[in-house]
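Reviewing the structure listed below.
Every read-out reported here was derived from the displayed coordinates using simple, explicitly stated rules and does not represent laboratory data. Since we're looking at a predicted model, the values are computed, not measured. For neighbour counting, all protein chains shown are included, and Cβ atoms are generated from backbone atoms with ideal geometry for every residue, glycine included.
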Amino acid sequence: MTNINIQDYYSSAKSILPKSLWDFMEGGASDELTISMNKNDFNKIQIIPRRMVNIKQRDTSTSVLGQKIQFPVILAPIGGQRHFHEDGVLGSTIAAESLGTINIIATNSGYSLEKVCEKSKKPHWFQIYHYNKNITRDLISRAENSGYSAICLTVDGVISDRRERDIRNNLILEESKWNANLINYPKLLKNLSFEVITYKTIEWVREITNLPLVIKGIISPEDAKILEKIGVNGIVVSNHGGRTTDAVQSSISALPNIKNAVSKELELYLDSGIRRGMDVIKAIALGAKAVLIGRPILWGLSTSGQKGVENILKIIYEEFDLAMAGCGKTKINQIDSKLVKYNFNY
Ligand SMILES: Cc1cc2nc3c(=O)[nH]c(=O)nc-3n(C[C@H](O)[C@H](O)[C@H](O)COP(=O)(O)O)c2cc1C
């Protein structure tokens, strides 16, 4: 059977993957309430399309931090992609390039950040977990020297609720499939632990790099305001796909208040729950410059490696283009809050 939508890839990945790996990918914190909210809240948004617009020619392209992308979907940082297919993060990066977008390479990858650059033609972003100052400084300088175009610092996921599926399955991940960037720091690998992140940490990171800085994992408008004052260049409104702390608000319902709290110039991105081209439209209408997709990358990768990720991106691109037409929009900058009606009641 041909996979015609992203849900089809979900089903084929499920039929292929061992249960413990499937659960690791799909699972979330505690009762997985946030995972359901991420999905349900997209369904609470309705579209008010415009008609009698000439929608024959459409331009889906936009830019993120000044970098042009063919459509407003970028690939979320996902650690351990090599568990799902040997192509791993190399495959997802090449897939992103072939569809004219960018990948955010995770610190916890099965191929080193330098190797990804050797294989790719365009600059991508590099995601960092703050283990400690020495390692963060070193990772940033490695990313700068290799030609990455932005640093994405993840501030959630430092301490997570338990992922009970993983505990029940006795999950053990293979080090070689996620630690290619960390083998330079053998002491860390012996005792893997994160240092606490405060606003001071963000100020420090801001000072040590001239690359654009994006902070990932923000749900509170207050946090967003302070980050803007510190001078970050972008924020990913995200609850980590429901994987870190349960009962956290859905990203899509958090977006409007965050949009209101910051200036127009600050780029906002959104992830957690994007599964359709129309979801991308909804996020842009509520204030996102672009969205990140997470688990669907792994569904594509598990099914057929790089080709699978390419297909996932093609599907979401085609759905997005058609959704633009259906909304009466020919350019991204025409998508605004007048296009949507929603009542999240929070
Ligand atoms: C298996 C898995 C590994 C992940 N690893 C990372 C990571 O290393 N760094 C990070 O910032 N986010 C990580 N994330 C979170 C994603 O970047 C993203 O926020 C989330 O998957 C978006 O939600 P979605 O899966 O509903 O699209 C991971 C997510 C999954 C499913």
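A few notes on this one:
- Per-residue 3J(HN,Hα) values for the range 233-243, derived from phi via the Karplus relation 6.51 cos²θ - 1.76 cosθ + 1.60 with θ = phi - 60°, read 9, x, 9, 9, 6, 7, 10, 6, x, x, 8 Hz in sequence order (x marks Gly and Pro).
- Trypsin sites (Lys or Arg not before Pro) within the range 247-300, DSSP loop, no more than 10 other Cβ atoms inside 10 Å: 264
- With a Förster radius of 45 Å applied to the beta-carbon distance between residue 159 and residue 59, the computed FRET efficiency rounds to 0.55.
- The dipole here belongs to the chain: it is taken about the Cα centre, uses +1 on the Cβ of Lys and Arg and -1 on the Cβ of Asp and Glu, and is about 740 debye.
- Placed amide H near residue 152: partners under 5 Å, 5+ positions off or other chain: 126, 127, 128, 214
- Taking 25 Å as the limit for the C-alpha separation, the pairs 56/289; 177/307; 68/282; 68/314; 115/289; 14/177 exceed it in the case of 115/289.
- With a cut-off of 17 Å on the backbone N, no residue of the range 276-292 is near the modelled label site 7 Å out from residue 343 along Cα-Cβ.
- Prolate/oblate/rounded label for the range 103-247 (Cα gyration tensor, a/c 1.5): oblate
- Ascending count of other beta-carbon atoms within 10 Å, so fewest first, for 263, 112: 263, 112
- The chain: DSSP helices with Cα axial extent of at least 27 Å and average Kyte-Doolittle hydropathy no lower than -1.0: 295-327
- Calculated [θ] (222 nm, deg cm²/dmol) that DSSP helices of n ≥ 4 give over the chain, each run adding -39,500 (n - 2.57): -13000 deg cm²/dmol
- Using distinct alpha-carbon pairs, which all enter the 1/r mean, Kirkwood radius of the range 6-336 in Å: 19.9 Å
- Neighbour counting of Cβ atoms within 10 Å sorts the residues 342, 269, 199, fewest neighbours leading, into 199, 342, 269.
- Scattering from the range 209-346 was approximated by placing one identical point on each alpha carbon and applying the Debye formula without solvent; log10 I(q)/I(0) at 0.13, 0.22 1/Å stands at -0.60, -1.35.
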